[in-house]
Amino acid sequence: MERLQKYLSSCGVASRRKSEELISQGKVKVNGKVVTELGIKVTDKDEVCVDNVKVAKQEKEYYLLYKPEKIICSVHDEKGRTTVVDLIDTQEKIFPIGRLDYDTSGLLLLTNDGEITNKLTHPSKNIEKTYYVKVDGIVTYKDINELENGIVLDGIKTKKAKAKIRKIDKQNNKSYVELTITEGRNHQVKNMFASLNHKVLKLKRIKYAFFTLDNLSVGEYRKLTIKEVKQLYNYVK
Ligand code: URA
């Protein structure tokens, strides 16, 4: 038995909140009757329809993709450009967990599991994300200190982070930094460096929680193992 809105989201209809709206709008029928109450519980034996179309539980799928640059990180693109979902061969309605910019490459998880997505993207979970960043100019230890202790972006200080200089290329006036943050604010890494007057030239996510890009080339992906999925659930408990 599970609540109707949870059942709808596990069928891939919409998020739990959107599913509640569909119920309130009278778009959901259980065994032929419109249900507008949010508390009702259903089982797999009930016939649940949305807009008169029967819905069914989806198998849960989990992928780790090495996102290339110049690929849109969403499910659809109105201009018909390739999205991260197009790179994965599946019939299931998967979506990315969080976002990477169009010009950012690296590690991206995708799934049709709304529950784990909500947990991983919730700010209270402080999931570590590590980026390898190439920037213009010479990064100093003062910059590193500021990156680690927080930078005010749009009036709010970023949370504590970890930063390490990986390489300084004096000849070309470029620096390479590994930065680990636990938030997912819009263009956060680019904006943190911009506030220190370093333009980000290349950005790659190399780690997400305990996942790395090991054994994957750009554009390649793999399914998570059952063990990894369990580990991920434990990680966000
Ligand atoms: N920070 C950014 O600025 N861009 C990304 O894609 C990810 C983190």
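The values are calculated or read from the model by the stated rules, or taken from the named source; none is laboratory data. Keep in mind that what you see is a predicted model, and the values were worked out from it rather than measured. No Cβ is skipped: glycine too gets one built from the backbone with ideal geometry, and neighbour counts run over all protein chains shown. What goes into the accessible areas is simple: the full protein's heavy atoms, side chains included, and nothing from ligands, DNA or RNA. Shrake-Rupley method; radii C 1.70, N 1.55, O 1.52, S 1.80 Å.
Look through VAL135, VAL53 and report the one residue that is touching a Phe, Trp or Tyr at 6+ places or on another chain (Cβ under 8 Å) and not basic (Lys, Arg).
After ruling out the rest, the residue left standing is VAL135.
Determine, yes or no, whether ARG99 is within 16 Å of the ligand (Cβ to nearest atom) and either out of contact with any strand residue (DSSP E or B) (no Cβ under 7 Å at 6 or more places or on another chain) or of a type in the set (D, E, K, R) (or both).
Yes; evaluated as a whole, the condition is true for this residue.
Please enumerate the residues belonging to the stretch 134-177 that are hydrophobic (A, V, I, L, M, F, W, C), closer than 26 Å to VAL236 by Cβ and open to solvent by less than 30 Å² (accessible area, probe 1.4 Å).
LEU147, LEU153, ALA161, ALA163
Condition (residue is open to solvent by 30 Å² or more (accessible area, probe 1.4 Å), within 14 Å of the ligand (Cβ to nearest atom) and of a type in the set (S, T, N, Q)) applied to the stretch 189-205: is it met by at least one residue?
yes
Taking the residues in the stretch 57-96 that are free of Cβ contacts under 8 Å to residues at least 60 places away in the same chain and either of a type in the set (A, V, I, L, M) or touching a Phe, Trp or Tyr at 6+ places or on another chain (Cβ under 6 Å) (or both) as candidates, determine which candidate is farthest from the ligand (Cβ to nearest atom).
Filtering the stretch 57-96 for residues that are free of Cβ contacts under 8 Å to residues at least 60 places away in the same chain and either of a type in the set (A, V, I, L, M) or touching a Phe, Trp or Tyr at 6+ places or on another chain (Cβ under 6 Å) (or both), the one farthest from the ligand (Cβ to nearest atom) comes out as ILE94.
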